[in-house]
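The values are calculated or read from the model by the stated rules, or taken from the named source; none is laboratory data. Predicted model, so just to flag it, every value in this text is computed and none were measured. In this analysis, Cβ positions are derived from the backbone assuming ideal geometry, glycine residues included, and neighbour counts consider all displayed protein chains. Heavy atoms of the whole protein, side chains included, go into the accessibility calculation; ligands, DNA and RNA do not. Shrake-Rupley method; radii C 1.70, N 1.55, O 1.52, S 1.80 Å.
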Amino acid sequence: MINIPKGTKDMLPEESYKWHKVYEVIGDIAKRYNLKEISTPAFEHTELFVRGAGEGSDIVNKEMYTFLDKGERSITRKPEGTAAVVRSFVENGMYNNPMPIKLYYKTPCFRYEKPQAGRLREHHQFGVEIFGGDTIQSEAEVLMIISDFLRTFGLNPTFTINHLGCSKCNTAYKEILRNYVAPNIDEFCSDCKVRYNKNILRMLDCKVSSCKTMLQGAPKITDCLCEDCKSRFSSLLTLLQQLGINYVIDKNLVRGLDYYTGLVFEIIDDNKEYGQNAIGAGGRYNNLVEELGGKSTPVIGFGLGIERLLLYLDRIGYNFDNNEKADVYVLDMTGNSAYTLNLVHRLRDANLSVETDIVGRGTKAQFKYADKLQAKYVIVIGEEELRDGVVTIKDMTTGVQERIKESEIVNYCNK
Ligand SMILES: [Zn+2]
Ligand SMILES: [Zn+2]
(Lines give C-alpha, C1' and ligand atoms only; values in the text may rest on other atoms or scores of the structure.)
(Ligands and ions follow the chains in the order given, each with its own letter.)
Protein backbone atom coordinates (compact mmCIF):
# COMPACT_ATOMS: atom_id res chain seq x y z
CA MET A 1 0.00 0.00 0.00
CA ILE A 2 1.23 3.47 -0.84
CA ASN A 3 0.53 6.03 1.88
CA ILE A 4 -0.38 9.69 1.62
CA PRO A 5 2.66 12.00 1.95
CA LYS A 6 3.40 13.26 5.44
CA GLY A 7 1.57 16.45 6.37
CA THR A 8 -1.18 16.10 3.77
CA LYS A 9 -4.81 15.10 4.10
CA ASP A 10 -7.49 13.65 1.87
CA MET A 11 -10.83 15.36 1.78
CA LEU A 12 -12.87 12.22 2.35
CA PRO A 13 -16.37 11.78 0.88
CA GLU A 14 -18.02 11.67 4.31
CA GLU A 15 -16.48 15.05 5.15
CA SER A 16 -16.95 16.81 1.83
CA TYR A 17 -20.31 18.35 2.75
CA LYS A 18 -18.47 20.45 5.35
CA TRP A 19 -16.12 21.81 2.70
CA HIS A 20 -19.05 22.50 0.41
CA LYS A 21 -20.74 24.44 3.18
CA VAL A 22 -17.60 26.55 3.75
CA TYR A 23 -17.28 27.22 0.02
CA GLU A 24 -20.96 28.10 -0.19
CA VAL A 25 -20.56 30.64 2.61
CA ILE A 26 -17.48 32.08 0.86
CA GLY A 27 -19.61 32.52 -2.27
CA ASP A 28 -22.37 34.24 -0.27
CA ILE A 29 -19.96 36.60 1.45
CA ALA A 30 -18.26 37.40 -1.86
CA LYS A 31 -21.61 38.33 -3.36
CA ARG A 32 -22.61 40.52 -0.42
CA TYR A 33 -19.29 42.41 -0.53
CA ASN A 34 -19.05 42.40 -4.34
CA LEU A 35 -15.72 40.54 -4.29
CA LYS A 36 -14.60 39.03 -7.60
CA GLU A 37 -12.88 35.66 -7.70
CA ILE A 38 -9.32 35.29 -8.92
CA SER A 39 -7.44 32.05 -9.39
CA THR A 40 -3.68 31.85 -9.89
CA PRO A 41 -1.46 28.83 -10.70
CA ALA A 42 -0.40 26.34 -8.03
CA PHE A 43 3.24 27.22 -8.79
CA GLU A 44 5.10 30.43 -9.64
CA HIS A 45 8.67 31.56 -10.24
CA THR A 46 10.54 31.24 -6.95
CA GLU A 47 11.63 34.85 -7.13
CA LEU A 48 8.03 36.03 -6.69
CA PHE A 49 7.88 34.62 -3.18
CA VAL A 50 11.40 35.66 -2.27
CA ARG A 51 10.52 39.24 -3.21
CA GLY A 52 6.98 38.96 -1.87
CA ALA A 53 7.25 37.23 1.48
CA GLY A 54 10.78 38.55 2.02
CA GLU A 55 14.19 36.94 2.35
CA GLY A 56 14.08 37.12 6.14
CA SER A 57 10.81 35.20 6.50
CA ASP A 58 10.58 31.60 7.72
CA ILE A 59 8.46 30.78 4.70
CA VAL A 60 11.22 31.67 2.26
CA ASN A 61 14.10 30.39 4.38
CA LYS A 62 12.73 27.07 5.53
CA GLU A 63 9.33 26.16 4.22
CA MET A 64 9.09 26.46 0.45
CA TYR A 65 8.58 23.56 -1.93
CA THR A 66 11.10 24.69 -4.53
CA PHE A 67 12.36 22.65 -7.45
CA LEU A 68 14.03 23.05 -10.84
CA ASP A 69 11.70 22.15 -13.70
CA LYS A 70 12.95 20.40 -16.83
CA GLY A 71 13.83 23.82 -18.29
CA GLU A 72 16.07 24.53 -15.27
CA ARG A 73 13.75 27.26 -13.97
CA SER A 74 13.40 27.60 -10.23
CA ILE A 75 9.74 26.98 -9.49
CA THR A 76 7.96 27.10 -6.12
CA ARG A 77 4.61 25.71 -5.11
CA LYS A 78 2.52 28.57 -3.75
CA PRO A 79 3.29 28.92 0.00
CA GLU A 80 0.73 31.68 0.54
CA GLY A 81 -1.94 33.40 -1.52
CA THR A 82 -1.11 37.09 -1.65
CA ALA A 83 2.07 37.32 -3.76
CA ALA A 84 0.52 35.49 -6.71
CA VAL A 85 -2.59 37.70 -6.66
CA VAL A 86 -0.41 40.81 -6.62
CA ARG A 87 1.68 39.37 -9.46
CA SER A 88 -1.50 38.91 -11.50
CA PHE A 89 -2.76 42.38 -10.56
CA VAL A 90 0.47 43.88 -11.90
CA GLU A 91 0.83 41.62 -14.92
CA ASN A 92 -2.74 42.29 -16.07
CA GLY A 93 -2.48 46.03 -15.51
CA MET A 94 -5.42 46.03 -13.08
CA TYR A 95 -4.05 49.21 -11.53
CA ASN A 96 -5.37 51.03 -14.62
CA ASN A 97 -8.95 50.19 -13.62
CA PRO A 98 -11.07 52.28 -11.25
CA MET A 99 -10.34 51.44 -7.61
CA PRO A 100 -11.11 49.62 -5.45
CA ILE A 101 -10.43 46.21 -6.93
CA LYS A 102 -11.81 43.66 -4.53
CA LEU A 103 -10.64 40.11 -5.10
CA TYR A 104 -11.07 36.80 -3.34
CA TYR A 105 -9.52 33.39 -3.88
CA LYS A 106 -9.57 29.82 -2.71
CA THR A 107 -6.23 28.12 -3.05
CA PRO A 108 -4.07 25.27 -1.81
CA CYS A 109 -0.84 26.44 -0.12
CA PHE A 110 2.31 24.38 0.39
CA ARG A 111 4.73 24.75 3.26
CA TYR A 112 7.36 22.34 4.46
CA GLU A 113 6.49 22.52 8.15
CA LYS A 114 6.67 20.02 10.99
CA PRO A 115 3.25 18.43 10.64
CA GLN A 116 0.89 18.61 13.62
CA ALA A 117 -2.81 19.26 14.12
CA GLY A 118 -3.69 22.42 12.25
CA ARG A 119 -0.31 22.54 10.50
CA LEU A 120 -0.29 20.74 7.20
CA ARG A 121 2.19 20.74 4.35
CA GLU A 122 -0.68 21.31 1.98
CA HIS A 123 -3.54 23.38 3.30
CA HIS A 124 -6.30 25.47 1.75
CA GLN A 125 -6.95 29.14 2.14
CA PHE A 126 -9.77 31.55 1.56
CA GLY A 127 -8.24 34.95 0.98
CA VAL A 128 -9.29 38.48 0.12
CA GLU A 129 -7.22 41.38 -1.24
CA ILE A 130 -8.65 44.86 -1.58
CA PHE A 131 -6.57 47.11 -3.85
CA GLY A 132 -6.87 50.90 -3.69
CA GLY A 133 -7.90 53.13 -0.84
CA ASP A 134 -5.37 53.63 1.91
CA THR A 135 -8.21 54.27 4.35
CA ILE A 136 -9.53 53.02 7.65
CA GLN A 137 -12.80 52.30 5.82
CA SER A 138 -11.12 49.65 3.65
CA GLU A 139 -9.52 48.20 6.79
CA ALA A 140 -12.89 48.06 8.52
CA GLU A 141 -14.42 46.43 5.45
CA VAL A 142 -11.83 43.64 5.47
CA LEU A 143 -12.39 42.94 9.16
CA MET A 144 -16.15 42.94 8.56
CA ILE A 145 -15.76 40.40 5.74
CA ILE A 146 -13.99 38.00 8.12
CA SER A 147 -16.37 38.78 10.92
CA ASP A 148 -19.45 38.14 8.74
CA PHE A 149 -17.89 34.99 7.34
CA LEU A 150 -17.28 33.58 10.84
CA ARG A 151 -20.65 34.80 12.13
CA THR A 152 -22.31 32.46 9.63
CA PHE A 153 -20.82 29.61 11.68
CA GLY A 154 -22.07 31.11 14.92
CA LEU A 155 -18.67 32.53 15.87
CA ASN A 156 -18.07 35.99 17.26
CA PRO A 157 -14.39 36.59 16.53
CA THR A 158 -12.03 38.81 18.46
CA PHE A 159 -9.25 40.23 16.33
CA THR A 160 -5.75 40.52 17.71
CA ILE A 161 -4.42 43.67 16.07
CA ASN A 162 -1.36 45.86 15.89
CA HIS A 163 -0.07 48.73 13.82
CA LEU A 164 3.41 48.54 12.27
CA GLY A 165 3.58 52.20 11.31
CA CYS A 166 4.37 53.91 8.02
CA SER A 167 7.80 53.70 6.41
CA LYS A 168 8.81 56.81 8.39
CA CYS A 169 8.00 55.59 11.90
CA ASN A 170 8.75 51.97 11.03
CA THR A 171 12.33 52.85 10.07
CA ALA A 172 12.75 54.92 13.22
CA TYR A 173 11.40 52.07 15.33
CA LYS A 174 13.75 49.49 13.80
CA GLU A 175 16.64 51.72 14.87
CA ILE A 176 15.26 51.93 18.42
CA LEU A 177 14.85 48.16 18.54
CA ARG A 178 18.33 47.60 17.11
CA ASN A 179 19.84 49.75 19.84
CA TYR A 180 17.83 47.87 22.42
CA VAL A 181 18.95 44.34 21.41
CA ALA A 182 22.50 45.18 20.25
CA PRO A 183 24.20 44.75 23.66
CA ASN A 184 22.79 41.19 24.01
CA ILE A 185 22.67 40.07 20.38
CA ASP A 186 25.09 37.17 21.03
CA GLU A 187 22.61 35.59 23.42
CA PHE A 188 19.77 35.39 20.87
CA CYS A 189 19.03 32.27 18.81
CA SER A 190 20.73 31.86 15.42
CA ASP A 191 17.51 32.74 13.55
CA CYS A 192 17.25 35.98 15.50
CA LYS A 193 20.82 36.89 14.62
CA VAL A 194 19.90 36.61 10.94
CA ARG A 195 16.69 38.57 11.55
CA TYR A 196 18.68 41.25 13.32
CA ASN A 197 20.33 42.06 10.01
CA LYS A 198 17.58 41.24 7.53
CA ASN A 199 14.32 42.24 9.20
CA ILE A 200 14.69 43.01 12.85
CA LEU A 201 10.91 43.24 13.40
CA ARG A 202 10.67 39.51 12.96
CA MET A 203 12.71 39.02 16.14
CA LEU A 204 9.51 40.02 17.96
CA ASP A 205 7.89 36.95 16.45
CA CYS A 206 10.52 34.49 17.72
CA LYS A 207 9.09 31.41 19.42
CA VAL A 208 12.30 30.59 21.37
CA SER A 209 11.53 31.30 25.01
CA SER A 210 14.91 32.85 25.90
CA CYS A 211 14.50 35.29 22.99
CA LYS A 212 10.97 36.05 24.13
CA THR A 213 12.19 36.82 27.64
CA MET A 214 14.95 39.13 26.42
CA LEU A 215 12.45 41.02 24.26
CA GLN A 216 9.80 41.39 26.94
CA GLY A 217 10.90 44.86 27.95
CA ALA A 218 11.71 46.02 24.41
CA PRO A 219 10.08 49.23 23.17
CA LYS A 220 6.87 48.53 21.24
CA ILE A 221 6.21 49.77 17.72
CA THR A 222 2.77 50.98 18.79
CA ASP A 223 4.43 53.32 21.30
CA CYS A 224 6.76 54.73 18.62
CA LEU A 225 4.23 55.64 15.92
CA CYS A 226 4.42 59.04 14.25
CA GLU A 227 1.54 61.48 14.86
CA ASP A 228 -0.21 60.54 11.59
CA CYS A 229 -0.08 56.82 12.27
CA LYS A 230 -1.11 57.29 15.87
CA SER A 231 -4.20 59.29 15.03
CA ARG A 232 -5.12 57.00 12.18
CA PHE A 233 -4.82 53.88 14.34
CA SER A 234 -6.98 55.44 17.03
CA SER A 235 -9.62 56.46 14.42
CA LEU A 236 -9.68 52.88 13.20
CA LEU A 237 -10.14 51.56 16.74
CA THR A 238 -13.02 53.98 17.30
CA LEU A 239 -14.63 52.91 14.04
CA LEU A 240 -14.28 49.23 14.97
CA GLN A 241 -15.96 49.90 18.31
CA GLN A 242 -18.80 51.70 16.55
CA LEU A 243 -19.21 48.74 14.19
CA GLY A 244 -19.25 46.22 17.04
CA ILE A 245 -16.05 44.49 15.93
CA ASN A 246 -14.15 42.99 18.88
CA TYR A 247 -10.41 43.42 19.10
CA VAL A 248 -7.50 43.31 21.50
CA ILE A 249 -4.24 45.06 20.80
CA ASP A 250 -1.12 42.86 20.82
CA LYS A 251 1.91 45.11 20.66
CA ASN A 252 4.15 42.13 19.74
CA LEU A 253 2.14 41.09 16.71
CA VAL A 254 4.28 41.54 13.58
CA ARG A 255 3.20 38.55 11.39
CA GLY A 256 5.64 36.23 9.65
CA LEU A 257 5.86 38.05 6.33
CA ASP A 258 7.99 41.04 5.50
CA TYR A 259 5.52 42.88 3.31
CA TYR A 260 3.17 44.26 5.93
CA THR A 261 2.90 47.99 6.58
CA GLY A 262 0.42 49.59 8.98
CA LEU A 263 -2.41 47.43 10.27
CA VAL A 264 -1.81 43.72 11.00
CA PHE A 265 -4.31 41.32 12.58
CA GLU A 266 -4.93 37.69 13.51
CA ILE A 267 -7.76 35.52 14.70
CA ILE A 268 -6.37 33.01 17.14
CA ASP A 269 -7.70 29.62 18.14
CA ASP A 270 -6.09 29.09 21.51
CA ASN A 271 -6.31 25.42 22.35
CA LYS A 272 -4.79 23.20 25.04
CA GLU A 273 -4.45 20.20 22.75
CA TYR A 274 -2.46 21.71 19.93
CA GLY A 275 -1.54 25.19 21.10
CA GLN A 276 -2.11 28.48 19.38
CA ASN A 277 -2.98 28.60 15.74
CA ALA A 278 -4.08 31.56 13.70
CA ILE A 279 -7.31 30.62 11.92
CA GLY A 280 -6.95 33.74 9.84
CA ALA A 281 -4.56 36.65 9.55
CA GLY A 282 -3.76 39.59 7.39
CA GLY A 283 -2.94 43.24 7.20
CA ARG A 284 -2.03 46.16 5.05
CA TYR A 285 0.83 46.03 2.57
CA ASN A 286 1.17 49.24 0.64
CA ASN A 287 4.56 48.59 -0.97
CA LEU A 288 4.12 45.14 -2.48
CA VAL A 289 2.51 46.18 -5.77
CA GLU A 290 5.35 48.56 -6.48
CA GLU A 291 7.90 46.02 -5.25
CA LEU A 292 6.55 43.58 -7.86
CA GLY A 293 6.76 46.13 -10.66
CA GLY A 294 3.34 47.82 -10.63
CA LYS A 295 2.12 51.35 -9.99
CA SER A 296 2.16 52.02 -6.26
CA THR A 297 -1.21 50.85 -4.92
CA PRO A 298 -2.30 50.40 -1.32
CA VAL A 299 -3.66 46.95 -0.48
CA ILE A 300 -5.25 45.30 2.52
CA GLY A 301 -6.01 41.61 2.70
CA PHE A 302 -6.21 38.42 4.70
CA GLY A 303 -5.95 34.66 4.39
CA LEU A 304 -8.00 32.18 6.37
CA GLY A 305 -7.05 28.50 6.71
CA ILE A 306 -9.95 26.23 5.84
CA GLU A 307 -8.58 23.10 7.56
CA ARG A 308 -7.95 25.12 10.71
CA LEU A 309 -11.45 26.54 10.60
CA LEU A 310 -12.91 23.04 10.20
CA LEU A 311 -10.76 21.74 13.04
CA TYR A 312 -11.97 24.57 15.22
CA LEU A 313 -15.62 24.09 14.28
CA ASP A 314 -15.39 20.36 14.99
CA ARG A 315 -13.82 21.07 18.34
CA ILE A 316 -16.59 23.42 19.44
CA GLY A 317 -19.19 20.94 18.16
CA TYR A 318 -20.53 23.06 15.33
CA ASN A 319 -23.38 21.27 13.63
CA PHE A 320 -22.87 21.18 9.88
CA ASP A 321 -26.22 20.38 8.40
CA ASN A 322 -25.55 17.50 6.03
CA ASN A 323 -27.92 18.35 3.20
CA GLU A 324 -26.13 16.11 0.74
CA LYS A 325 -28.20 13.01 1.37
CA ALA A 326 -30.21 11.39 -1.42
CA ASP A 327 -33.78 12.61 -1.85
CA VAL A 328 -35.09 9.38 -3.27
CA TYR A 329 -34.17 5.71 -3.39
CA VAL A 330 -35.92 3.76 -6.14
CA LEU A 331 -36.27 0.09 -5.34
CA ASP A 332 -37.07 -2.18 -8.26
CA MET A 333 -38.45 -5.63 -7.50
CA THR A 334 -39.42 -6.43 -11.10
CA GLY A 335 -36.12 -6.56 -12.93
CA ASN A 336 -37.50 -4.14 -15.53
CA SER A 337 -34.40 -1.97 -15.69
CA ALA A 338 -35.54 0.21 -18.59
CA TYR A 339 -38.72 1.19 -16.75
CA THR A 340 -36.88 1.85 -13.48
CA LEU A 341 -33.97 3.75 -14.99
CA ASN A 342 -36.33 5.94 -17.03
CA LEU A 343 -38.22 6.79 -13.87
CA VAL A 344 -34.95 7.51 -12.05
CA HIS A 345 -33.83 9.71 -14.92
CA ARG A 346 -37.04 11.76 -14.86
CA LEU A 347 -36.56 12.39 -11.14
CA ARG A 348 -32.95 13.43 -11.71
CA ASP A 349 -34.06 15.75 -14.53
CA ALA A 350 -36.29 17.39 -11.93
CA ASN A 351 -33.10 18.09 -9.96
CA LEU A 352 -33.68 15.46 -7.29
CA SER A 353 -30.83 13.40 -5.88
CA VAL A 354 -31.75 9.81 -6.72
CA GLU A 355 -30.18 6.43 -6.07
CA THR A 356 -31.16 3.04 -7.34
CA ASP A 357 -29.44 -0.32 -7.31
CA ILE A 358 -26.50 -0.67 -9.71
CA VAL A 359 -24.52 -3.34 -7.87
CA GLY A 360 -27.01 -6.22 -8.04
CA ARG A 361 -28.43 -6.27 -4.51
CA GLY A 362 -31.42 -8.43 -3.73
CA THR A 363 -34.69 -6.86 -2.56
CA LYS A 364 -34.00 -7.31 1.16
CA ALA A 365 -30.51 -5.87 0.88
CA GLN A 366 -31.90 -2.93 -1.10
CA PHE A 367 -34.35 -2.09 1.69
CA LYS A 368 -31.47 -2.18 4.15
CA TYR A 369 -29.29 -0.03 1.94
CA ALA A 370 -32.10 2.50 1.36
CA ASP A 371 -32.37 2.84 5.14
CA LYS A 372 -28.66 3.43 5.45
CA LEU A 373 -28.72 6.14 2.78
CA GLN A 374 -31.32 8.02 4.82
CA ALA A 375 -33.11 9.06 1.63
CA LYS A 376 -36.20 11.16 2.20
CA TYR A 377 -38.40 8.91 0.04
CA VAL A 378 -38.23 5.27 -0.91
CA ILE A 379 -40.12 4.33 -4.06
CA VAL A 380 -40.98 0.68 -4.57
CA ILE A 381 -41.78 -0.79 -7.97
CA GLY A 382 -43.25 -4.28 -7.72
CA GLU A 383 -45.10 -6.39 -10.31
CA GLU A 384 -48.44 -5.01 -9.20
CA GLU A 385 -47.29 -1.41 -9.37
CA LEU A 386 -45.79 -1.99 -12.80
CA ARG A 387 -49.07 -3.46 -14.04
CA ASP A 388 -51.23 -0.63 -12.60
CA GLY A 389 -48.90 2.24 -13.61
CA VAL A 390 -48.38 3.31 -10.00
CA VAL A 391 -45.59 3.32 -7.46
CA THR A 392 -45.54 2.82 -3.72
CA ILE A 393 -43.80 5.69 -2.07
CA LYS A 394 -42.80 5.94 1.57
CA ASP A 395 -41.93 9.22 3.23
CA MET A 396 -39.11 8.09 5.52
CA THR A 397 -39.44 11.09 7.88
CA THR A 398 -43.17 10.69 8.55
CA GLY A 399 -43.47 6.97 7.84
CA VAL A 400 -46.51 7.65 5.63
CA GLN A 401 -46.84 5.22 2.73
CA GLU A 402 -48.98 5.88 -0.35
CA ARG A 403 -49.65 4.55 -3.79
CA ILE A 404 -49.55 7.24 -6.43
CA LYS A 405 -49.73 7.38 -10.20
CA GLU A 406 -46.40 7.03 -11.92
CA SER A 407 -47.04 10.31 -13.78
CA GLU A 408 -47.41 12.23 -10.51
CA ILE A 409 -44.21 11.02 -8.95
CA VAL A 410 -42.01 14.03 -9.81
CA ASN A 411 -44.50 16.51 -8.37
CA TYR A 412 -44.93 14.38 -5.29
CA CYS A 413 -41.22 14.24 -4.53
CA ASN A 414 -40.73 17.91 -5.25
CA LYS A 415 -43.52 19.16 -3.02
ZN1 LIG B 1 3.97 56.68 10.72
ZN1 LIG C 1 15.12 33.97 18.54
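How would you order 106-114, 205-213 from highest to lowest mean count of nearby Cβ atoms within 10 Å? Before the final figure, lay out each step's value.
Numbers: 106-114: 17.2, 205-213: 13.6.
Taking the mean over residues of other Cβ atoms within 10 Å, the ranking is 106-114, 205-213.
May I ask you to list the residues of region 378-409 whose amide nitrogen lies under 18 Å from a point 7 Å from Cα along the Cα→beta-carbon direction of THR334?
What the label zone holds, given the 18 Å backbone N cut-off, is 378-394, 402-409.
Out of the total accessible area of region 328-414 (probe 1.4 Å, heavy atoms of protein only), what percent is carbon and sulfur? It would help to have the intermediate numbers written out before the result.
Values: 2430 of 5060 Å².
Exposed carbon and sulfur together represent 48 percent of the surface.
What does the net charge come to around VAL400 if you take all other residues with beta carbon closer than 14 Å to its beta carbon, with K and R at +1 and D and E at -1?
Counting the neighbours of VAL400, the net charge comes to +2.
Using a Förster distance of 60 Å, how high is the FRET efficiency between TYR369 and THR158, based on the Cβ-Cβ distance and rounded to 0.05? Could the numbers behind the result be given before it?
Numbers: r = 47 Å, r/R0 = 0.78.
It comes out at approximately 0.80.
Okay, which of region 90-121 sit inside 15 Å, backbone N to the point 7 Å along the Cα-Cβ direction of LYS6?
111-117, 119-121
Give me the one-decimal nm value for the distance between modelled label points at LEU341 and ARG387, 7 Å along each residue's Cα-to-Cβ direction.
Roughly 2.6 nm, to one decimal.
Taking a probe of 1.4 Å, how large is the accessible area per residue of the chain, in Å²? Show your work: numbers first, answer last.
On the way: 21040 Å² over 415 residues.
For the chain, the solvent-accessible area averages 51 Å² per residue.
Please give the length that would be gained between LYS212 and SER39 if that part of the chain were fully extended, namely 0.36 nm times their separation in residues minus their C-alpha to C-alpha distance (nm, one decimal).
Working: separation 173, 0.36 × 173 = 62.28 nm, distance 3.85 nm.
Net length gain for the segment: 58.4 nm.
Please tell me the relative contact order of region 328-414 in percent, rounded to the nearest whole number, where contacts are Cα pairs under 8 Å and at least six residues apart. Show your work: numbers first, answer last.
Details: 115 pairs, mean separation 27.0, N = 87.
Relative CO of region 328-414 lands at 31 percent.
Defining a contact as two alpha carbons under 8 Å apart and six or more residues distant in sequence, what relative contact order in percent does region 159-289 show? Numbers along the way, then the final one.
Details: 169 pairs, mean separation 49.3, N = 131.
Reported relative contact order: 38 percent.
Give the cross-link partners of LYS198 among the lysines, using a straight C-alpha distance below 17 Å as the criterion and excluding same-chain residues fewer than 8 apart.
LYS62, LYS174
What distance in nm separates the simple spin-label points at ASN351 and THR238, each placed 7 Å from Cα in the Cβ direction?
Going by the 7 Å Cα→Cβ label model, 4.9 nm.
By how many nm would the segment from TYR23 to LYS220 lengthen if fully extended, with 0.36 nm per residue of separation less the alpha-carbon distance? It would help to have the intermediate numbers written out before the result.
Details: separation 197, 0.36 × 197 = 70.92 nm, distance 3.86 nm.
Full-extension gain reported as 67.1 nm.
What is the list of residues in region 218-252 whose amide nitrogen lies under 19 Å from a point 7 angstrom out from the Cα of GLU175, following Cα to Cβ?
219-230
When the helix-only estimate is applied to the chain (DSSP H runs of n ≥ 4, each -39,500 (n - 2.57), divided by the residue count), what is the mean residue ellipticity at 222 nm, nearest 500 deg cm²/dmol?
That comes out to -10500 deg cm²/dmol.
Which FRET efficiency value, to the nearest 0.05, do you get for GLU55 and ASP314 by plugging their Cβ-Cβ distance into 1/(1 + (r/R0)^6) with R0 = 30 Å?
On the way: r = 37 Å, r/R0 = 1.24.
Efficiency, from the Cβ-Cβ distance: 0.20.
Could you work out how much longer the chain between LYS70 and ASP321 gets when fully extended? Use 0.36 nm per residue separation minus the Cα distance between them, nm to one decimal. Mind showing how you got there, number by number?
On the way: separation 251, 0.36 × 251 = 90.36 nm, distance 4.66 nm.
Extra length from LYS70 to ASP321 when fully extended: 85.7 nm.
Considering the dipole of the chain built from charges on the beta carbon (Lys and Arg +1, Asp and Glu -1) around the Cα centre, which of VAL50, ASN3, PHE159 is farthest to its positive end?
VAL50
Let me spell out the model: positive unit charges on the Cβ of Lys and Arg, negative unit charges on the Cβ of Asp and Glu, origin at the Cα centre of region 1-147. What dipole size does that give, in debye rounded to 20? Walk me through the numbers before you get to the answer.
Working: 20 positive and 21 negative charges, 63 e Å.
In total the dipole reaches around 300 debye.
Could you tell me the relative contact order of the chain? Use alpha-carbon pairs under 8 Å, at least six residues apart, and round to a whole percent.
Numbers: 660 pairs, mean separation 64.8, N = 415.
Across the chain, relative contact order equals 16 percent.
Would you calculate the convex hull of the Cα atoms in region 328-414 and tell me its volume per residue in Å³? Working shown, then result.
Numbers: hull volume 7.7 nm³, N = 87.
Once divided by residue count, the hull of region 328-414 is 88 Å³.
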